[in-house]
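The values are calculated or read from the model by the stated rules, or taken from the named source; none is laboratory data. For clarity, every value in this text was computed on a predicted model and none was experimentally measured. With ideal geometry, Cβ positions are generated from the backbone for all residues, glycine too; neighbour counts draw on all protein chains shown.
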Amino acid sequence: MITGEAKIDKVVEYLRSKNVAIFQVNALTRNGRDELMSIFSRVFMEFQLNLEYLFNIYSAIVEVIFNGIKANVKYLLYQEELRQKLIHHANPDEIDELLEIILNEEALREFMNRFVVPDKIKKNTMRILKLEENLRTGRNLSEAEIKALQDFRAKLQKEEITIFFSIGIAPHQVVFSVVNDSPILKKDLARILKSRELHYQLYKEGRSTDYFAVENIDTTESAGLGIAMADEVYYEMKLDPRQYFTIVTEEGRTRALLRFPRERISML
Ligand SMILES: Nc1ncnc2c1ncn2[C@@H]1O[C@H](COP(=O)(O)OP(=O)(O)OP(=O)(O)O)[C@@H](O)[C@H]1O
Ligand SMILES: [Mg+2]
């Protein structure tokens, strides 16, 4: 991510002249998170947004970016797994093409997912993210671990799997968008919708934070807190997150859009 005051000035300049600033994110290191916080603080001050919401909105965005990073890792591992399966059934020089066809066609992608063991992908995703985290926090990695991480990063780069994050300032709303290069599978989307609906019901009963009780949280993937935390930011503002925070998959990419009405988050 970007660094330094000069770069933050540039962000503000872009927001003033074009109403939008776009960033490419490859990983969210601690430095990256600090930089993102500096950008948020500056943007909030420049555009007179209510600082009371700064930390909550920032945290929601960090969760959404992490989801994108995780989804990209998971998707690449899923592709690798499919490739392994295809090796036994196809001509080696046709595999790339076959994979391309499967991945670009939703029905095929969903179908092939049945042949991939979810637990294996989940375990490997956790492993890669854990290695990234250990490297980030300066823990010692073995040579094999460093190599595994390097290989994985090289693959992400080769496949051009990435994340774009943007901030948009329009007259009536502030919009944050996170786009990652991987689709949400139908079963995952169904899970998200179900959890968000439950959270909304609890909100209507005046007890939205009860959602965070163990029996409600969906731990299929990991803690299952990210989206709920973002939703809670909206509930605290008395806004319906189902309307302002959307997650949509299109052409193999997933876009999370978090909108905030300008008058709701502006300083009065
Ligand atoms: N950008 C995305 N692309 C693909 N899948 C996504 C994306 N964002 C969320 N998901 C799916 O939505 C699920 C719920 O996300 P959420 O952030 O609420 O929980 P989690 O990531 O599983 O756990 P935690 O955030 O607590 O680590 C994820 O497990 C994942 O399957
Ligand atoms: Mg998450």
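Among the residues of segment 156-199, write down those that are more than 18 Å from the chain's Cα centre (by Cα) and either on the phi > 0 side of the Ramachandran plot or surrounded by 18 or more Cβ atoms within 10 Å (Cβ to Cβ) (or both).
Ile169, Val174, His199
Tell me the residue from Thr220, Thr246 that is within 10 Å of ligand 1 (Cβ to nearest atom), under 30 Å from Glu100 (Cα atoms), free of Cβ contacts under 8 Å to residues at least 60 places away in the same chain and not aromatic (Phe, Trp, Tyr), please.
Of Thr220, Thr246, the one residue that is within 10 Å of ligand 1 (Cβ to nearest atom), under 30 Å from Glu100 (Cα atoms), free of Cβ contacts under 8 Å to residues at least 60 places away in the same chain and not aromatic (Phe, Trp, Tyr) is Thr220.
Quick check: anything in segment 153-160 hydrophobic (A, V, I, L, M, F, W, C) and within 26 Å of Arg262 (Cα to Cα)?
Scanning segment 153-160, I find no residue that is hydrophobic (A, V, I, L, M, F, W, C) and within 26 Å of Arg262 (Cα to Cα), so the answer is no.
Tell me which helices (runs of 4 or more DSSP H) are completely within segment 73-138 and hold 1 or more residues being basic (Lys, Arg) and closer than 21 Å to Val25 by Cβ, or say none if there are none.
Helices (runs of 4 or more DSSP H) meeting the threshold: 118-136.
So in segment 149-185, with the set limited to residues that are within 13 Å of ligand 1 (Cβ to nearest atom) and of a type in the set (A, V, I, L, M), which one is modelled with the lowest pLDDT?
Leu185
Would you confirm whether any residue within segment 44-56 is assigned to a helix (DSSP H, G or I), within 16 Å of ligand 1 (Cβ to nearest atom) and either closer than 21 Å to Ala256 by Cβ or touching a residue at least 12 places away in the same chain (Cβ under 8 Å) (or both)?
Checked against the condition, which is being assigned to a helix (DSSP H, G or I), within 16 Å of ligand 1 (Cβ to nearest atom) and either closer than 21 Å to Ala256 by Cβ or touching a residue at least 12 places away in the same chain (Cβ under 8 Å) (or both), segment 44-56 yields at least one hit.
In this structure, is Phe66 under 30 Å from Leu103 (Cα atoms) and within 19 Å of the chain's Cα centre (by Cα)?
yes
Please find, within segment 137-155, the residue that is surrounded by the fewest Cβ atoms within 10 Å (Cβ to Cβ) out of those that are under 20 Å from Leu77 (Cβ atoms) and among the basic types (Lys, Arg).
Ranking the qualifying residues of segment 137-155, first place goes to Lys147.
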